[in-house]
């Protein structure tokens, strides 16, 4: 019997990351670091990138919703992958500028928050 908890195995870490990626809703995005924190793996942003790279197309992960810090697209500006990620984000209603996804502005209106005006 080992003292390893499931969260310490590579498979469990990858599964936690995939769950955190799937939880990012359409029309929003999260950074690699945020996904790592949500998966219980703070400081493991690079592991998130590795799991996304290794994921097969059959997993249907919304990889395009994961960005670098501040909404920065991790692919080189102008590359095919960067254009594809920006296009997929824009289709979901995310505003972009240059090689970045822009956060939705916060509202101070209670009516807007409650009624989604």
Next on the checklist: Among the residues that make up segment 48-69, is at least one of them in contact with a strand residue (DSSP E or B) (Cβ under 8 Å, 6 or more places away or on another chain), surrounded by 13 or more Cβ atoms within 10 Å (Cβ to Cβ) and at positive phi?
Outcome noted: no
Checklist outcome for this item: Residues in segment 84-97 that are surrounded by 12 or more Cβ atoms within 10 Å (Cβ to Cβ) and assigned to a loop (DSSP other than H, G, I, E, B) total 3
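For segment 15-29: of the residues being surrounded by 18 or more Cβ atoms within 10 Å (Cβ to Cβ) and over 14 Å from residue 56 (Cβ atoms), which is farthest from the chain's Cα centre (by Cα)?
Restricting attention to segment 15-29, the residues satisfying the condition of being surrounded by 18 or more Cβ atoms within 10 Å (Cβ to Cβ) are 16-18, 20-21, 24, 29.
From what is left, the residues that are over 14 Å from residue 56 (Cβ atoms) are 16-17, 20, 24, 29.
On the way: 16: 13, 17: 10, 20: 8, 24: 6, 29: 5 Å.
The qualifying residue farthest from the chain's Cα centre (by Cα) is 16.
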Checklist entry - Is there any pair with a first residue in segment 98-109 that is under 21 Å from residue 85 (Cα atoms) and a second that is part of a loop (DSSP other than H, G, I, E, B) and modelled with pLDDT of 70 or more whose Cβ atoms are under 6 Å apart and which are 6 or more apart or on different chains, and what are they? => result 99/73; 99/77; 101/29; 101/94; 102/95
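The values are calculated or read from the model by the stated rules, or taken from the named source; none is laboratory data. Computed from a prediction, not measured in an experiment: that's the story for all the values here. No Cβ is skipped: glycine too gets one built from the backbone with ideal geometry, and neighbour counts run over all protein chains shown.
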